[in-house]
1. Just to be sure I understand the filter: pairs with C-beta atoms under 9 Å, separated by 6 or more residues or on different chains, first member in segment 32-48 and farther than 16 Å from residue 84 by Cβ and of a type in the set (S, T, N, Q), second member modelled with pLDDT under 85 and not in a helix (DSSP H, G or I). Which pairs pass?
2. Pull up segment 84-142, narrow it to residues that are part of a loop (DSSP other than H, G, I, E, B) and touching a residue at least 12 places away in the same chain (Cβ under 8 Å), then point me to the one that is surrounded by the most Cβ atoms within 10 Å (Cβ to Cβ).
3. Looking at 41, 30, which is the one that is among the small types (Gly, Ala, Ser), at pLDDT below 80 and either assigned to a helix (DSSP H, G or I) or more than 28 Å from residue 131 (Cβ to Cβ) (or both)?
4. Being part of a helix (DSSP H, G or I) and small (Gly, Ala, Ser) is the filter here, so list the residues in segment 44-77 that pass it.
5. Just the residues that are polar (S, T, N, Q) and over 19 Å from residue 132 (Cβ atoms), please, taken from segment 44-79.
6. Please tell me if residue 68 is of a type outside the set (Gly, Ala, Ser) and within 11 Å of the chain's Cα centre (by Cα).
7. Quick one: how many residues across segment 65-83 are free of Cβ contacts under 8 Å to residues at least 60 places away in the same chain and more than 23 Å from residue 50 (Cβ to Cβ)?
Amino acid sequence: MYLRCVLISVALFALSAPAHALTIQEAPAAVAPSEAEMEAATTRFEARMKELEAELDALIAANAGNPDAMTAKIDEVVTRYQPDFDALIQASDVYFNGAIASAATPDERQQLEAARAQLLPLLRDLPDQVRNGALAVARQPK
């Protein structure tokens, strides 16, 4: 399933570098989260994405044969999870800003800037990728 591939890809990218992710609701926006906080946030985000995937799978199964009617329902489900995506983007941006500001060397700063430039656009596109993947699956002939 396309949705599963997208979620797995993003999760693997996030897990491969704990500095690259995710929601931190406890930390003030101006304070960069620690790696441990980012790892905990990654775990929470992955759990939410598993919930999203299960909800979309159930929706698609329940509405098989009527993909056009599912479009609005899929949009509604993904929209309900938008705060999770937004929190992920914000926490990642705050983390990178803090890490870049405190980088020990120019090389480390450059690596962090490159990682931020690569990850943040992926995260911003994730809701659309999930939506499009779910719609593609819904339109597949059974």
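The values are calculated or read from the model by the stated rules, or taken from the named source; none is laboratory data. Quantities reported herein were computed from a predicted structural model and do not represent experimental measurements. Backbone-built Cβ (ideal geometry, glycine too); neighbour counts: all protein chains shown.
1. Pairs found: 34/27.
2. Going through segment 84-142, the residues part of a loop (DSSP other than H, G, I, E, B) turn out to be 102-105, 140-142.
Imposing the further condition that a residue be touching a residue at least 12 places away in the same chain (Cβ under 8 Å) reduces the set to 102, 142.
Numbers: 102: 11, 142: 5.
Among them, the one singled out is 102.
3. 30
4. Here is the first cut: in segment 44-77, the residues part of a helix (DSSP H, G or I) are 44-62, 67-77.
Residues satisfying the conditions are 47, 54, 58, 61, 62, 69, 72.
5. Filtering segment 44-79 down to residues polar (S, T, N, Q) leaves 63, 66, 71, 79.
Selection gives nothing.
6. Values: of a type outside the set (Gly, Ala, Ser): yes; within 11 Å of the chain's Cα centre (by Cα): no.
No: the conditions fail for residue 68.
7. Start the filter on segment 65-83 by keeping residues that are free of Cβ contacts under 8 Å to residues at least 60 places away in the same chain, which leaves 66, 68-69, 72-73, 75-83.
From what is left, the residues that are more than 23 Å from residue 50 (Cβ to Cβ) are 66, 68-69, 72.
Qualifying residue count for the region: 4.
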